[in-house]
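Structure record follows, encoded as structure tokens.
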Amino acid sequence: FCSFLNQFYIRTRFIPDEILMPVESEDKEILEELLSEKKGHKVRVVCPKRGEKHKLLEMATMNAENAFKIRQVNNDDIGSIMTSLQKQLGLTNTPKRMECFDISNIAGKQAVGSMVTFENGLAVKSKYKRYKIKTVSQSDDYAMMYEVMTRRYTRAFKEDDFPDLAVVDGGKGQLSIARRVFDELGIDRVDVIALAKGKRIVTGYADPKQKLDERVFVSDNVDPIVLDQDSHELRLLVNIRDEAHRFALAYHKKLRKEQYYKSPLDKITGIGQVKKKNLLKYFGDMQKIRNASLDELRKVKSITAKDAKYIYDYFQ
């Protein structure tokens, strides 16, 4: 597996700071060294056993399996799957082009939305879109979904650029929001569904080990449709839903990381990332930088007398 990763990243320009592996390998340290050398700074290769990273790895594995199975299907079969999905869900259109939406936030912070596009069963990443939530400050997924879909389809209306099917992650509530957006914009040419995991109860308690059925909501007033859980039709819907979730989560994490590393130093003229790093390395924390004298500031690597004056004046 490490050999595969090494060959893969040799051929690509981008190397992430951290790579998640599904299995342990004796060559992990060698791979870290090779990739770190190519990237120019430390690259970690980890095999998470639990927690959020383990869940991400499980999701990536499932998505890869689904994508592999879908790619094995030829064009004629894809057409049959689309037609079957249209029939089973009672859709107006054959869902050749699908757009799926998801929301990611923690208590309303760094809230984002994502939209991913699949055409003929395959992801079209050039048509992916991500949105910073602008109108909602509290944790309200319904309001956030309303904003994201309104922004997307207001533009689609102007450009006459619509999918055959819109998919939202959730149940009746999210479906109701999507329908409200379409009603307000006067859009009646796009089918819309919601995809949610079922809730199985065992002896009065939810069983975390039990696989939950996926349910498809097509109307606010009708019970959800449960497709064959091993069918290509459902696999396609799950794939696009999970991809939207991954894309939203990745953007949310990016914004959280940017927020974490924000500093008052970012507002000072002439102080870039290198100088900020040198200041923090020399003084240890922001409080000591705030209290530093001009002479102390000048001792820091790459900090000029002019830089020191700007920093000193800013904190006085």
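Every number here is computed from the coordinates shown, using simple stated rules; none is lab data. Quick caveat: nothing in here was measured; it's all calculated off a predicted structure. Every residue, glycine among them, receives a Cβ derived from its backbone with ideal geometry; neighbour counts consider all protein chains shown.
Overview of values
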| read-out | value |
| --- | --- |
| Residue-wise HN-Hα coupling along the stretch 155-171, computed from phi with Karplus coefficients 6.51, -1.76, 1.60 (Hz; x: Gly, Pro) | 5, 4, 5, 5, 9, 6, 10, 10, x, 7, 9, 10, 10, 10, 7, x, x |
| Positive dipole terminus of the chain, leading residue within MET59, ILE289, VAL23 (C-beta point charges) | ILE289 |
| Dipole moment magnitude, nearest 20 debye, the stretch 94-260 about Cα centre, only Lys, Arg, Asp, Glu C-beta charged | 880 |
| Only Lys, Arg (+1) and Asp, Glu (-1) charged, at Cβ; the chain dipole about Cα centre in debye | 1700 |
| Positive-end residue, the chain charge dipole about Cα centroid, Cβ charges, pick of GLY171, GLY121, THR135 | THR135 |
| The chain: angle of helix 75-89 to the longest principal axis, Cα-based, in degrees nearest 10 | 70 |
| Coil-residue chymotrypsin sites (Phe, Trp or Tyr not before Pro) of the stretch 231-274, DSSP, other Cβ within 10 Å capped at 10 | TYR261 |
| Inter-part distance where the stretch 127-176 and the stretch 77-95 are each reduced to a Cα centre, Å | 23 |
| Mean separation of Cα contacts under 8 Å, 6 or more apart, over the residue count of the stretch 2-47: relative contact order % | 46 |
| For the chain: span of alpha carbons on each principal axis (Å, largest first) | 76, 52, 48 |
| Net charge, GLY186 excluded, C-beta distance under 14 Å - Lys, Arg +1, Asp, Glu -1 | 0 |
| Estimated dipole of the stretch 264-315 in Debye, rounded to 20 [Cβ of Lys and Arg +1, of Asp and Glu -1, Cα centre] | 180 |
| Ranked list, fewest to most other Cβ atoms within 10 Å of each Cβ, for LEU31, LEU122 | LEU122, LEU31 |
| Interchain or long-range residues, amide H under 5 Å from VAL43's placed H | SER36 |
| Relative contact order computed over the chain (Cα-Cα under 8 Å; 6+ residues apart), in percent | 13 |
| For ILE19, ILE30, ILE271, order by how many other beta-carbon atoms lie within 10 Å, fewest first | ILE30, ILE19, ILE271 |
| Taking VAL46, VAL222 and counting other C-beta atoms within 10 Å, the order from fewest to most | VAL222, VAL46 |
| Tilt relative to the chain, helix 172-185 - C-alpha long axis, 0 to 90 degrees, to 10 | 90 |
| Selection from THR150, PHE8, ALA196, by position along the positive dipole direction of the chain (Cβ) | PHE8 |
